[in-house]
1. For the range 280-312, name all the residues that are under 18 Å from Thr86 (Cα atoms) and more than 16 Å from ligand 2 (Cβ to nearest atom).
2. Being in a loop (DSSP other than H, G, I, E, B), within 15 Å of ligand 2 (Cβ to nearest atom) and either more than 21 Å from the chain's Cα centre (by Cα) or of a type in the set (Gly, Ala, Ser) (or both) narrows it down to one residue among Ala150, Ala166, Ala174; which is it?
3. Can you list residue pairs whose Cβ atoms sit under 6 Å apart, with the first residue in the range 314-338 being assigned by TED's automatic domain parsing to the domain that holds Asp92 and the second being outside any loop (DSSP other than H, G, I, E, B) and within 16 Å of ligand 2 (Cβ to nearest atom)? Count only pairs 6 or more apart in sequence or on different chains.
4. So, in the range 1-43, how many residues would count as being over 18 Å from Ala89 (Cα atoms) and among the aliphatic types (A, V, I, L, M)?
5. With the requirement that a residue be acidic (Asp, Glu) and in contact (Cβ under 8 Å) with a residue 12 or more places away in the chain, what does the range 114-135 give you?
6. Among Glu202, Glu265, Glu222, which is the only one that is of a type outside the set (Lys, Arg) and either within 16 Å of ligand 1 (Cβ to nearest atom) or at positive phi (or both)?
7. For Thr356, which of the numbered conditions (1) surrounded by fewer than 22 Cβ atoms within 10 Å (Cβ to Cβ); (2) within 16 Å of ligand 1 (Cβ to nearest atom); (3) more than 27 Å from Pro241 (Cα to Cα) fails to hold?
8. Which ones in the range 367-405 are polar (S, T, N, Q) and either within 18 Å of the chain's Cα centre (by Cα) or over 30 Å from Arg146 (Cβ atoms) (or both)?
Amino acid sequence: IVSEIVAATVIVTSPGRNYVTLKVTTRDGVVGWGDATLNGRELAVAAYLRDHVCPLLIGRDAHRIEDTWQYLYKGSYWRRGPVTMTAIAAVDMALWDIKGKIAGLPVYQLLGGAARDGVLVYGHASGRDVPEMLDDVARYLDLGYRAVRAQAAVPGLEGTYGVPEAGQSVYEPAGSARPQEDYWDTERYLRFAPDMLGAVRERFGFGFHLLHDVHHRLSPNEAGRLGRDLEPHRLFWMEDPTPAEDQSAFRILRQHTTTPIAVGEVFNSIWDCQQLITERLIDYIRTAVSHAGGITHLRRIFGLAELYGVRTGSHGAGDLSPVSLAAALHVDLAVPNFGIQEYMGHAEPADEVFLTSYTFSDGYFHPGQAPGLGVELDEKAAAAFPYEPRYLPVNRRRDGSVHDW
Ligand code: GCO
Ligand code: MG
């Protein structure tokens, strides 16, 4: 069979930040790409793929996407977990890419075709103080964005999540060879955040969507208080208000606020969000194509969400490679319950390594008409950017104890 897999290799490259990419090649030379990047734990997935998955792909029919997914998920016996599910995701993306290339169709056509004309995205505005953040919001609105996430440094805290250091063009939390240590103060944040987001509405009004990421730092009760304080500012969503391992904790939050809630960037399977969805404890599910088992599993999660009125809001930070972004855009265009897509952009020189065909216009993205996912990796360019050990920061309270980052 011409679609038999004859090679599967892993490329680790660091154009601006680390990315792990799987390359799958068929007998007649069709190449599929999959993103296997797990920020701060990159080499674990690279080894899982290289040592345990690539050898099993050789000789399989690239067309059998569902069968390959089941084979890798059930066949490993050790199910779920970010490393396993990111590895499976990379294989899955690469096989959808190949299927699209063989069919001569962009992947969204294989998923049922476009259910909308464009994919609403939100950009990341931030600042080291409120005026700087407001100027950044203005910049996004001028660029045509219809949805903006706003984050500003909490006065008195250094290294607030979501705020770039001076000189960084794109916010990059994984900046150092050992984890940077940030300080956290819940009371200061709870006092500051409503005023900060209120300042955005005061200056720019309500004619665009406003989002904010809490990054898992509050207890359910504190999150309920914040959600209530934010109600006058009409947020599109409040993201990751409390650590989400404890799905039933969101019942407490739901009793206190009508601010919409988005959760899921750290989830890797449908079982992580089953209760959140079926009990309607969230409004948006943020699972990422690269960390939650690829297009095949993401569609299953989004299908469950559709039944319960939960909309999608796929993770799209810079540590998800352009291959992931493209895969997410194909799914976004095709699913009925799409909500919004995060778009953070990629720091230079990622565009020397990843050649993309998605486009942005008037606040909306489109994955483009190239067959497959529409992203190609230039292996020669990639070789010029070797892996660099880099970790996400750790958060400590003033007394030195570790808090959620
Ligand atoms: C987001 C996320 C990211 C994560 C990052 C970790 O909303 O985009 O919270 O900023 O921190 O993806 O690797
Ligand atoms: Mg987030």
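1. Just the residues of the range 280-312 that are under 18 Å from Thr86 (Cα atoms), to begin with: 285-302.
Correct list: Gly293, Gly294, Ile295, Thr296, His297, Leu298, Arg299, Arg300, Ile301, Phe302.
2. Within the list Ala150, Ala166, Ala174, the selection yields Ala174.
3. Nothing qualifies.
4. Residues in the range 1-43 being over 18 Å from Ala89 (Cα atoms) and among the aliphatic types (A, V, I, L, M): 4 in total.
5. If the condition is that a residue be acidic (Asp, Glu) and in contact (Cβ under 8 Å) with a residue 12 or more places away in the chain, then Asp117, Asp129, Glu132 are the ones that fit.
6. On the way: Glu202 fails: either within 16 Å of ligand 1 (Cβ to nearest atom) or at positive phi (or both); Glu222 fails: either within 16 Å of ligand 1 (Cβ to nearest atom) or at positive phi (or both).
Exactly one residue qualifies, and that residue is Glu265.
7. (2)
8. Those that are polar (S, T, N, Q) and either within 18 Å of the chain's Cα centre (by Cα) or over 30 Å from Arg146 (Cβ atoms) (or both): Asn395, Ser401.
The values are calculated or read from the model by the stated rules, or taken from the named source; none is laboratory data. Values in this document were obtained by computation on a predicted structure and should not be read as measured data. Positions of Cβ are backbone-derived with ideal geometry, glycine not excepted, and every protein chain shown enters the neighbour counts.
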